[in-house]
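Encoded as structure tokens, the structure appears first; notes follow it.
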Amino acid sequence: MRHYDPTFSEFSYGFREGRGARDAIAQTSAYIKEGRNWIVEMDLEKFFDTVNHDRLMSRLERDIKDRMLLRLIRRYLRTGILENGLISARTEGTPQGSPLSPILSLIVLDELDKYLEKRGIAFYRYADDCNLYMKSQKAGERAFENTTRFIEETLKLRVNRSKSGVFRPSKTKFLGYTFVGTTGAPRAHKTSLTRLKD
């Protein structure tokens, strides 16, 4: 992780030392105060279950020269899935519950960060939750289409269109919060409050 972390985007917050949910929420508020009042929510469908093994290994091979380590990671990725007492082979995705999966997810999604940075798009990403911040609905719709194409065609991941789209800050939900008007002040989302009361 120490090898990769300095190369990651400053707008990537999840699973990284010294960064957390509060930082991501503060960044969201700052974007809204700047006048970026349209939020593009990109929901990655079953991200940890759909990571493309070949793309991930190709990315790792650029930086890791230890062939034994690469073989070990490949074996880890192929760890079978136990369902109904039977083990089936894993052809995509990363095993969840291991400390290695979050690190691999950061490496996979760093390509998305670099894509957004290259295009000058304001964004934040917390693990597999990614929002883009735009100044108009039209710009948001264009960014949504282009980013969806990159995610699906280049990264070989899937965007959940039923949970993704272009919204006003008060209609979004990020890490349990929604955001008020042009001030960008965070407020607990009603579903989060309901869960807390329950």
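So how much slack lies between residue 57 and residue 72, counting 0.36 nm per residue of separation and subtracting their Cα-Cα distance, in nm? Walk me through the numbers before you get to the answer.
Numbers: separation 15, 0.36 × 15 = 5.40 nm, distance 1.11 nm.
Roughly 4.3 nm would be gained on extension.
Could you give the size of the charge dipole of the chain about its Cα centre, using +1 on the Cβ of each K and R and -1 on the Cβ of each D and E, expressed in debye and rounded to the nearest 20? Numbers along the way, then the final one.
Details: 36 positive and 26 negative charges, 59 e Å.
Approximately 280 debye in magnitude.
So what are the three principal axis dimensions of the chain from its Cα atoms, in whole Å, longest to shortest?
Dimensions of the chain along the principal axes of its Cα atoms: 52, 43, 32 Å.
Cut-off 10 angstrom, C-alpha nodes, Gaussian network model of the chain. Which of 107, 39, 121 fluctuates the most?
Looking only at 107, 39, 121, the biggest GNM fluctuation is shown by 121.
Using a Cα-Cα cut-off of under 24 Å, which lysines could be cross-linked to residue 138, ignoring same-chain neighbours fewer than 8 residues away?
Candidates past the 8-residue exclusion: 33, 114, 118, 163, 171, 173.
Would you mind classifying region 1-109 by shape? Square roots of the alpha carbon gyration tensor eigenvalues, ordered a ≥ b ≥ c; an a/c under 1.5 is rounded, otherwise it is prolate if a/b is larger than b/c and oblate if not. Working shown, then result.
Working: a/c = 2.58, a/b = 1.67, b/c = 1.55.
Taking the square roots of the gyration eigenvalues as a ≥ b ≥ c, region 1-109 is prolate.
Taking amide H positions as placed 1.01 Å from N in the peptide plane, with prolines and chain starts having none, which residues 5 or more places from residue 122, or on another chain, fall under 5 Å of its amide H?
Result for residue 122 returns 133.
Out of 77, 48, 30, whose Cα points farthest toward the positive end of the dipole of region 29-90 (charges: +1 Lys, Arg; -1 Asp, Glu; placed on Cβ)?
Highest projection toward the positive end goes to 77.
How high is the relative contact order of the chain? Use alpha-carbon pairs under 8 Å, at least six apart in sequence, and give a whole percent.
On the way: 288 pairs, mean separation 67.8, N = 198.
Taking the mean separation of contacting Cα pairs over the length of the chain, I get 34 percent.
Would you mind checking region 10-53 for residues with the amide N under 18 Å from a putative spin-label position 7 Å along Cα→C-beta of residue 142?
Residues 36-41 fall inside that zone.
Considering the dipole of the chain built from charges on the beta carbon (Lys and Arg +1, Asp and Glu -1) around the Cα centre, which of 157, 68, 86 is farthest to its positive end?
157
What dipole magnitude, in Debye to the nearest 20, does region 72-132 give about its Cα centre under +1 on Lys/Arg Cβ and -1 on Asp/Glu Cβ? Can you show the working numbers first?
Numbers: 8 positive and 8 negative charges, 50 e Å.
So the magnitude is around 240 debye.
Going toward the positive end of the dipole of the chain, with +1 on Lys and Arg Cβ and -1 on Asp and Glu Cβ, which of 7, 188, 132 do you reach last?
Sorting the options by dipole projection puts first 188.
What is the dipole size for region 1-91, taken about its Cα centre, with +1 at each Lys and Arg Cβ and -1 at each Asp and Glu Cβ, in debye to the nearest 20? Could the numbers behind the result be given before it?
Numbers: 17 positive and 14 negative charges, 92 e Å.
Roughly 440 debye for region 1-91.
Go ahead and estimate [θ] at 222 nm for the chain from helices alone: -39,500 (n - 2.57) per DSSP H run with n ≥ 4, summed, over the residue count, rounded to 500.
-12000 deg cm²/dmol
At 0.36 nm per residue, minus the direct Cα-Cα distance, what do residue 194 and residue 92 gain on full extension? Give it in nm, one decimal, please.
Numbers: separation 102, 0.36 × 102 = 36.72 nm, distance 3.52 nm.
Net length gain for the segment: 33.2 nm.
A short reminder: the numbers here are calculations on the coordinates, not readings from a lab. Everything quoted here is computed from the prediction, not taken from an experiment. Cβ: placed from backbone, ideal geometry, glycine included. Neighbour counts: every protein chain shown.
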